[in-house]
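The values are calculated or read from the model by the stated rules, or taken from the named source; none is laboratory data. All values reported here derive from a predicted model rather than from experimental measurement. Note: ideal-geometry Cβ built from the backbone for every residue, glycine included; neighbour counts use all protein chains shown. These area figures cover heavy atoms from the full protein model, side chains too; ligands, DNA and RNA do not enter into them. Shrake-Rupley method; radii C 1.70, N 1.55, O 1.52, S 1.80 Å.
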Amino acid sequence: MTKKLQNITDKLPPLIALLGFVLIWQLVCFFKIVPSFMLPSPIEVVLAIINDFSTLLHHGKVSLIETLAGLLLGIILAFVMATVMDRFVVLDKAFYPLIIVSQTIPTIAIAPILVLWMGFGMAPKITLVVITTFFPITVGLLEGYKSVDKDSLNLLKAMGADNLQIFYHLKFPRAMPYFFAGLKISASYAVVGAVVSEWLGGFEGLGVYMTRVKKAYSFDKMFAVIIVIVIISLLLMKLVKEIGKMSMPWLNLAKNENVNQK
Amino acid sequence: MTKKLQNITDKLPPLIALLGFVLIWQLVCFFKIVPSFMLPSPIEVVLAIINDFSTLLHHGKVSLIETLAGLLLGIILAFVMATVMDRFVVLDKAFYPLIIVSQTIPTIAIAPILVLWMGFGMAPKITLVVITTFFPITVGLLEGYKSVDKDSLNLLKAMGADNLQIFYHLKFPRAMPYFFAGLKISASYAVVGAVVSEWLGGFEGLGVYMTRVKKAYSFDKMFAVIIVIVIISLLLMKLVKEIGKMSMPWLNLAKNENVNQK
Amino acid sequence: KMGNASKNENKEKKEFTKITFCLDWTPNTNHTGLFVAKGKGYFEEEGLEVEFVQPPEDGALLMCSSGQAQFAIDAQDTFAAALDGDKDYGVTAISAILQHNTSGIISRKGDGIVSPAGLEGKTYSTWESPIEMAMIKNVMEEENADFDKLKLIPNTITDEPAALAAKQTDAIWVFYGWGGINADIEKVDCDFFFFRDINPVFDYCTPVIFGNNEFMESNPEITKAFLRACKKGYEYAVENPDDAADILIKEDSTNSLQGADKLVHESQKWISKEYISDAKSWGYIDSSRWDRFYKWLYDNKLTKNNLSKTGYTNEYLSE
Amino acid sequence: MILLKAVDISKKYGEKTIIESVNINLKKGETVSLLGVSGAGKTTLLHVLAGISPPDGGKVFLMEEDITKNPGKIAYMMQKDLLLEHKKIIDNVALPLIIKGKSKKEARKEAIKYFKDFGLDNTQYKYPSQLSGGMRQRAALLRTYLSSNKVALLDEPFSALDNITKSAIQKWYLDTIKKIDLSTIFITHDIDEAIYLSDRIYILKGKPATITDEIDLGNLKKDTEKDFNLTEKFLELKKMIISKLV
Amino acid sequence: MILLKAVDISKKYGEKTIIESVNINLKKGETVSLLGVSGAGKTTLLHVLAGISPPDGGKVFLMEEDITKNPGKIAYMMQKDLLLEHKKIIDNVALPLIIKGKSKKEARKEAIKYFKDFGLDNTQYKYPSQLSGGMRQRAALLRTYLSSNKVALLDEPFSALDNITKSAIQKWYLDTIKKIDLSTIFITHDIDEAIYLSDRIYILKGKPATITDEIDLGNLKKDTEKDFNLTEKFLELKKMIISKLV
Ligand SMILES: Nc1ncnc2c1ncn2[C@@H]1O[C@H](COP(=O)(O)OP(=O)(O)OP(=O)(O)O)[C@@H](O)[C@H]1O
Ligand SMILES: Nc1ncnc2c1ncn2[C@@H]1O[C@H](COP(=O)(O)OP(=O)(O)OP(=O)(O)O)[C@@H](O)[C@H]1O
Ligand SMILES: O=C([O-])O
Ligand SMILES: [Mg+2]
Ligand SMILES: [Mg+2]
């Protein structure tokens, strides 16, 4: 099978599934199985996206900025926490349970409190994104650090490497696949985190726009927002995947470059 | 170090961290660094839990039933999907992207729609729990099925095992650790999923109670609810862990039972 | 699709018709008559078994549209958006819970927001709904104040007096019977003005009971019976505010009002006077005030269509 | 009597032909080894014989019966011991019986009889990770035996053991297959092992690989002679085989 | 001249003493092997010598200097080849130089000089997974060499290779260490390998393990004699060593 053909047979099934899904949706609407005010048809939603494009773009930009800022801070927080916790076992034992607790608090419960504390700007939104995103990255990094085998550690120790060198040359690169796996999960939650926090207080962003169109009984626009959120999330996940590929060239060696006979 | 001593040094750090956290919280309230209407003190929250105990118990029970029902259905759905997708690669290719899309839709956006479609009973709440929980379990199971090495597969094939036997004797047991890892994540999100959907429509459950006490200006009661949610989530995760341990005795063999000299 | 509400259940000794009633928000003194009707068995007397449910945020009307609830509470101003679209939501306003719009702007005493003019240069917490903004603009302009000099921030406030005391904001839209009374209870000195006092066009109906058209058309007698029981409940609440307040607290199955006794009782004392007020009887929707507000919306391009004379009926109310 | 016969076997992976026109046979009671360098195609050939991998040409016969692409007829002991870590030893060992339709209870009852003979007393209800390497080997061999097939294929059964402890297990292995009357083809890339354990050696060589040599060791008295692998005779054989391998 | 000397080394894990009162030494230019069954404590001893595991008793000297618990003075080639999969070959090989403080550029420049000598042309910018087993071995040895230490410890350097292809690499190894003038202690549990490659053999045995024997092979002319491991002399030696091991 040629590469191109492989590509097509890989992408055909999800495309058919997606089209099938949209078709069923359209039929449900067309035959009024669900009343139209409860479920706008795909065509209405697409029209809403087209008509509202500039508005969606504007609010989408705001949400995206919050998402990216939150994700970045989440990465930094996760990196610092995981690295410190890996270095000092006591801190790992002490804070791991608290971190898990932080993940069982409903975000819609804390979002209003964050707004109360931090005001109406981006700060509470970014904070909420940080809270929802740092966890998978931290867990990923911790697992990654722990995945380093004793022999490799001993190799570097035998070369006389200090802790920082061991971290730089061994622990961090080894943890990278785990880091990116965690980041991908975080990315998929990040946009939703931003939207939820906007929903619960703000002037701009997809969450705010969503409550507004909902109040105006514009379900087609509401679904348009949902679709924009989905698209942004998927693009973000794709971006993470590509950055991961670029950062870890050793994991993506083409088979034909392989000199190894076995 | 004796076992008992080990147990204490394992549990001491998180306890100290937790107490430290509560102490700081109490001090912040005591010195009015945050106004009391924004942040009730831990003592107030504990009092609210004690005073509201029977009410919290009642609503907690409702949320717990929704959580458990949703989790159970989520497990069944995940099991069926993962198993079918593992068996038929085309379905895997077709539906995996759609499943990922389902996870990027904000729950607070679909919860009201679910209530609209399904009414005020438990159905929309359970559905939302299913939507939030089936994903980590499905991904876990798929990964688990894929983790089965070719040699083990060949071993069973060589014995003349059919697909069902291979599944029962090899694939499923091998996937179990992955299943429980996914289930643990799901369990941590399940209660929050139920609460969010209650929040957005219903007559009972912690989510409903939370919106009501919020409107009645009782932040101490609201924090009490959050703490109940956290405790239920943690207990659920603990339960999953214990069931996992019991179901996979081969992973928890005490070192001293080990006959192997190496 | 209508659920089992329209089907009478014959199995039990007494035939009860099940009714799902969607509140506009968490139980409060706007709802007292309903809880009294339940607590004192007025619904039962009419052969009804009523369950009160909480809506998704801003979703009560839709729940009634979809048939998940036969009746729901919403307000005339927010209903406009549903009426104005090209989709038929299949709901009609059938009864006004309060005769007059009891909402207005609350602010810290001493800030000088005793009337709309005082808003100039101050901060207002808004939900950013077009009608809300137009109303604020209108009342300010009535007093020659400049709306552009009002600073707008998002409304995330749950505890209005506390928010004012903490200077999170200067002005908040509240219903006097709950938010205004709460300020007294919490001993925060406040100023308050009603919209209806500035411009009578804003004396529209809020909150309002809506019914699902399909249900009401096929069950007119049940609808009337339902409103009869409601009316009896509100009339009781008018006569016995203290007792009614206790019933509200007791009948709220979530116990959320426990500990808020003082607020409920004080609020009840005030609001009981508003249930019937100057109308001939409880529930009556004053068509002149209804139509006048919708005409204003149309004149101010807040709706595409002139919604006057649409969306309501008094035909299910008993004399 | 020829038990197993493979005729003209060839096998490709994608475009690449791995083995071509391979003919081998196995007589009753015989132990035959398959010798070849790493990557030659030994495992590939065994997969075809076991019926778990379809050949691109040729047929496999078990006493006249065509068993090509028909697994379950021949016992197959995979590379290393490959016990299922999630099953107790007794259930690992009884697995072939369960696969063939016996109830768990019956299968356990049948399997338990042999634990003593195989030196596995008191390991029945242990998990594989609780056993030493030697014990695991024996459990895997017992499982192979319990498949009740007359022919067994073994893929590098001893490669996981170190050279010093290996010889003890090899001795035990020779005794056991005699006792249970098993006819065996086993893979190795250890020449010493091939000479020591087998009646006949097939050499698999080339790209694509084929049987380039067949060496009959039938008349050597290996087990009677102490330290046989340190004798002259052994050395001569080894030299001869090396010359044929490279 | 004695380069490395370990005096009275003992090491416990928890309550269990693994090795006790071990004394060994290594002269300039010498290749010494450490022979023992699996689990004897060979790796444990090498860890102590390399300074990455603190002994519970005893000291290690490198030309009079006490290097106990002081890693980085002796080159250490771990079990298998252990290249870091995330670094290109050039960076794997240059790692000891970078660890010692050289810039990446300098280190690469220094390392690249030796690629031809080690038969690693054109592999510089490849990743380890793109190399064959033999190439990986050579890269690991080059890295060991570039640590610029005079003494190298090697833990089972050839155990991953099959018996047939192994001998080619062993020959190359003997040549190379001669050329780069490295003094070596290596671990093996393969007696043939120990005899073939070393000037002296230490046998580590017992629980706790100690050096029970020292065998000097200094006057054997191994590399000049073809097929040395198929000669009588070799067989005698092997018999003698086996008797001391068991
Ligand atoms: N499933 C497969 N797909 C493609 N190529 C394969 C597959 N399995 C094996 N090969 C290739 O076939 C050749 C023979 O492999 P095989 O495993 O049979 O060798 P072997 O002689 O058993 O080697 P070893 O002694 O290392 O186990 C190798 O080049 C290998 O890369
Ligand atoms: N970190 C450790 N903690 C506890 N015990 C250990 C540790 N490392 C090794 N051991 C034990 O010490 C003993 C010697 O181990 P070591 O790895 O030195 O053996 P070895 O001779 O290198 O064996 P092999 O040839 O299998 O590599 C073994 O019984 C092993 O279980
Ligand atoms: O909506 C309010 O009650 O203020
Ligand atoms: Mg093989
Ligand atoms: Mg070792």
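Highest mobility in the GNM of chain A, judged by mean-square fluctuation with C-alpha springs under 10 Å and restricted to A:I43, A:I33, A:I108, is found for A:I33. Count Lys and Arg as plus one, Asp and Glu as minus one, and take only other residues whose Cβ is under 11 Å from that of C:H31; the net charge is then -2.
Accessible surface of the range E:81-147, 1.4 Å probe: 48 percent of it comes from carbon and sulfur atoms. FRET efficiency for the pair C:D243 and C:K18, taken as 1/(1 + (r/R0)^6) with r the Cβ-Cβ distance and R0 = 25 Å, rounds to 0.35.
Springs join every pair of Cα atoms under 10 Å in this Gaussian network model of chain B, and among B:L155, B:L170, B:L56 the largest mean-square fluctuation is at B:L155. Here the alpha carbons of the range D:81-147 define both size measures, Rg and Dmax, at 10.4, 30 Å.
From the Cα gyration tensor of the protein assembly as shown, with a ≥ b ≥ c the square roots of its eigenvalues, which class applies: rounded if a/c is under 1.5, or else prolate if a/b is larger than b/c, or else oblate? Prolate, since a/c reaches 1.5 and a/b exceeds b/c. For the range B:40-254, report the translational diffusion coefficient in µm²/s to the nearest whole number, using Stokes-Einstein at 25 °C, 0.890 mPa s, and a Kirkwood Rh over Cα pairs. D, rounded to a whole number, is 130 µm²/s.
Within 10 Å of the Cβ of each residue in C:49-60, the mean number of Cβ atoms contributed by other protein chains is 6.
What the Cα convex hull of chain C gives, in volume per residue, is 129 Å³.
Peptide B:234-245 shows a mean partner chain C-beta count of 1 within 10 Å per residue C-beta. If I take all pairs of Cα atoms in the range E:28-120, what percentage of them are more than 14 Å from each other? The calculated P(r) of the range E:28-120 puts 75 percent of pairs beyond 14 Å.
Within chain E, the ratio Rg/Rh, alpha carbon atoms throughout and Rh by Kirkwood, equals 0.96.
Summarising the label geometry, the points placed 7 Å from Cα in the beta-carbon direction at C:K269 and E:M63 lie 10.0 nm from one another.
Surface composition of chain C: carbon plus sulfur atoms contribute 45% of the solvent-accessible area (1.4 Å probe, protein chains only, all chains present). Applying the criteria of a DSSP loop state and at most 13 other Cβ atoms within 10 Å to the chymotrypsin sites (Phe, Trp or Tyr not before Pro) of the range A:41-90 yields A:F88. Quick check: from the Cα gyration tensor, does the range B:1-89 come out rounded (a/c under 1.5), prolate or oblate? Since a/c reaches 1.5 but b/c is at least a/b, the shape of the range B:1-89 is classed as oblate. Buried between C and B is an accessible area of approximately 2500 Å², summed over both sides with a 1.4 Å probe. Surface burial for D against E, with a 1.4 Å probe and both sides summed, reaches about 1700 Å² of accessible area. Surface composition of chain A: carbon plus sulfur atoms contribute 72% of the solvent-accessible area (1.4 Å probe, protein chains only, all chains present). The chymotrypsin sites (Phe, Trp or Tyr not before Pro) of the range E:91-177 that meet both conditions, a loop assignment by DSSP and at most 11 other Cβ atoms within 10 Å of the site Cβ, are E:Y125. The stretch between D:K239 and D:D175, if pulled fully straight at 0.36 nm per residue, gains 20.3 nm over its current Cα-Cα span. Burial annotation for the range D:61-87: residues with an accessible-area loss of at least 50 Å² between the isolated chain and the complete set of protein chains, computed on heavy atoms with a 1.4 Å probe, are D:M78, D:L82, D:L84, D:H86. Here the range E:1-32 and the range E:109-181 have alpha carbon centers that stand 25 Å from each other.
Most fluctuating residue of C:P56, C:P154, C:P116 in a GNM of chain C with Cα springs under 10 Å: which is it? Highest fluctuation among the options: C:P154.
Between C:N300 and C:D189, the simple label model (points 7 Å from Cα in the Cβ direction) yields a spacing of 3.3 nm. Using a 7 Å projection from Cα along Cα-to-Cβ, the label point at E:K28 is separated from the same position in the remaining copies by 7.1 nm, smallest value first. Relative to the current alpha-carbon distance between C:N213 and C:D148, full extension at 0.36 nm per residue lengthens the span by 19.2 nm. Heavy-atom accessible area buried between chains A and B is around 3800 Å² (1.4 Å probe, both sides summed).
Sorting the segments B:131-137, C:20-26, D:233-239 by their residues' average number of neighbouring beta-carbon atoms within 10 angstrom, most packed first, yields B:131-137, C:20-26, D:233-239.
Modelled spin labels at A:L57 and B:V89, positioned 7 Å past Cα toward Cβ, are 4.2 nm from each other. Surface analysis of the protein assembly as shown yields an accessible area of 43 Å² per residue, using protein heavy atoms and a 1.4 Å probe. To the nearest 500 deg cm²/dmol, what mean residue ellipticity at 222 nm is calculated for the protein assembly as shown from DSSP H runs of n ≥ 4 alone, each contributing -39,500 (n - 2.57), summed and divided by the residues? Helix-only estimate at 222 nm: -16500 deg cm²/dmol.
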